[in-house]
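The values are calculated or read from the model by the stated rules, or taken from the named source; none is laboratory data. Keep in mind it's a predicted model, so treat the numbers as computed, not measured. Cβ sites come from the backbone with ideal geometry, for glycine too, and all protein chains shown count toward neighbours.
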Amino acid sequence: MVNASSAEVSDLFTVVTGGKDQDDSPNAVGAVRQPGFDLVIEAEAGNVVGPAGGPYTLRLGVVNVTQGVPEPSLLPPTGWLIVGNVATRLEHFGDAGDGWDAGQTRKRSSVPIAVAATIQPGDVFRYTISLIAQGNQIISTQKSNEFVLL
């Protein structure tokens, strides 16, 4: 639990499309390649942060660990601003318009990710997300599970 005037990304992991539990091969159902998977982002905010505590910026990147290079084709297709190899979006903790309810301190979002045909099957990938306050102060970072795509 975060303190009353703070916020953090508490978890980041991959799941099969529509799933709830972490999956290290999220685009595979059995041995069948699926066209995508979901990236789950969990965040917490103290009850004082609310609408007065933002906006924060979420910055998301993904790397092909096997090849040691960014993999921008696995960034979210909508709802994020893609610049180079990084996706960004603003987060207003406590604002109902961003999926928060009044007084809510936890949020779980599932972001659909499409798997491009150019992805090398068997390579290992990992996401990193940062929560950045106004003035470019890093509040929180989180790395996802390492995962393999078919």
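Before moving on, here are some points about what is shown:
- The set of residues in the range 74-107 that are within 30 Å of Asn64 (Cβ to Cβ), assigned to a strand (DSSP E or B) and at pLDDT below 80 comprises Arg89, Leu90, Glu91, Lys107.
- Any hit, the range 63-70, residues being closer than 16 Å to Val40 by Cβ, modelled with pLDDT of 80 or more and surrounded by 15 or more Cβ atoms within 10 Å (Cβ to Cβ): no
- Glu44 being at pLDDT below 85 and in contact with a helix residue (DSSP H, G or I) (Cβ under 8 Å, 6 or more places away or on another chain): no
- Within the range 118-135, considering residues that are more than 19 Å from Ala43 (Cβ to Cβ) and not in a strand (DSSP E or B), the one modelled with the lowest pLDDT: Gly135
- Within the range 10-27, being assigned to a loop (DSSP other than H, G, I, E, B), within 13 Å of Arg108 (Cα to Cα) and not small (Gly, Ala, Ser) holds for Lys20, Asp21.
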